[in-house]
Amino acid sequence: MGLDGSDKSIPEGDGSKGSNRTPDSNKSDDTTTHKSNHIISDWRDFRAQLVAREQAQLVDVDAPIDRFSHKSSKLLGPKWAHPIPVPETGCVLVATEKLDGVPTFERTVVLLLRSGTKDPREGPFGVVINRPLHKKIKHMKPTNLDLATTFADCSLHFGGPLEASMFLLKAEENLQLPEFEQVIPGLCFGARNSLEVAAELVKKGVLRPQDFRFFVGYAGWQLDQLREEIESDYWFVAACSSNLVCRSSLNSSSPDLWEEILQLMGGRYSELSRKPKQDG
């Protein structure tokens, strides 16, 4: 990861200083991807329910819960988060206390947009989702016409230390958007090469400017690099409900997302959320 930091760029930037290629959002326009993502959505919720039931059984071993009962399904609240053993697309990386004192990643939550391959040019990458910059795109005086007009009032967020900016798009799950890459149902991402398409969809009324979150920079790794950082306890890997990552930063307290996810994960994770920051 970019612990040494790097230059930031406004959203029309297209370079990358990391080991990965600059992310793009070129995808096939068939509906297979969209159908499979609906299956993933059901599977993620189902897995979360199983985790909740297992945790309940650990609390009260004398009162086993029927895995498929209606009553047991109520154990899973509208917001949920639980640890998973390995990274997957759409999961979050939650900074541990080992990153306290590292300004770039201290108490951050990184949404993994792709889990990566063994090809060093296609490693895992994502964006920090709890670092609003408290600036709008128009304050950066962008030269790109779409940014200066259609998206001028959109908020900017720090996405990571690597130089290539992108956006997240919250949209209805049944809305077909083959131009963008879906991360989890209801949430897609795009980069510089899909900005013009995004602007056209806004002008046509298909999407709204407030559906977008723009990120300055991103975080990227090689596959083995991220694995080593997780094994060295720099990151907790978690799955969490889509409403935690899809919610608009304008209507939520993004800096508290780190704490909220850890508390939802429970146990030792919840304890960490209440600890003061460690010296770097």
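Pairs to check: Lys135/Lys275; Lys79/Lys136; Lys170/Lys203. Give those whose C-alpha atoms are more than 18 Å from each other in this structure. With Cα atoms farther than 18 Å apart: Lys135/Lys275; Lys79/Lys136. Would you mind checking the stretch 155-171 for residues with the amide N under 19 Å from a putative spin-label position 7 Å along Cα→C-beta of Lys135? In the stretch 155-171, the label zone of Lys135 (backbone N under 19 Å from the point 7 Å along Cα→Cβ) covers 155-168. Which one of Ile230, Thr143, Phe215 is farthest out on the positive end of the charge dipole of the stretch 81-273, using unit charges on Cβ (Lys, Arg +1; Asp, Glu -1) and the Cα centre as origin? Selected residue: Thr143. Amide H to amide H, with H built 1.01 Å from N, Leu133 comes under 5 Å of Leu156, His157, Phe158, counting only residues 5 or more places away or on other chains. With θ taken as phi - 60° and the Karplus curve 6.51 cos²θ - 1.76 cosθ + 1.60 applied, the whole-hertz 3J(HN,Hα) list for the stretch 116-121 is x, 10, 6, 5, x, 7 Hz, x standing for glycine and proline. Computed from label points 7 Å out along Cα-Cβ, the spacing between Asn174 and Arg268 is 4.5 nm. With Rg and the Kirkwood Rh both taken from Cα atoms, where does Rg over Rh land for the stretch 81-273? When Rh is taken as the Kirkwood radius, the ratio is 0.96. Shown are His134, His139, His82, whose ranking by accessible area with a 1.4 Å probe and every protein chain present, most to least, is His134, His139, His82.
For the stretch 78-184, the direction-averaged projected area of the alpha-carbon convex hull comes to 9.6 nm². Within the assembled protein chains, the solvent-accessible surface assigned to Thr117 is about 60 Å², based on a 1.4 Å probe.
Here the Karplus curve 6.51 cos²θ - 1.76 cosθ + 1.60, taken at θ = phi - 60°, turns the phi angles of the stretch 140-149 into couplings of 8, 6, x, 8, 5, 5, 5, 5, 6, 10 Hz, with x standing for Gly and Pro.
Counting only protein heavy atoms and using a 1.4 Å probe, the accessible area of Tyr269 comes to about 30 Å².
The values are calculated or read from the model by the stated rules, or taken from the named source; none is laboratory data. Note that this is a predicted model, so its numbers are computed, not measured. Reconstructed Cβ throughout: ideal geometry from the backbone, glycine too, with neighbour counts over all protein chains shown. Calculation scope for accessible area: heavy atoms of the full protein, side chains included, ligands and nucleic acids excluded. Shrake-Rupley method; radii C 1.70, N 1.55, O 1.52, S 1.80 Å.
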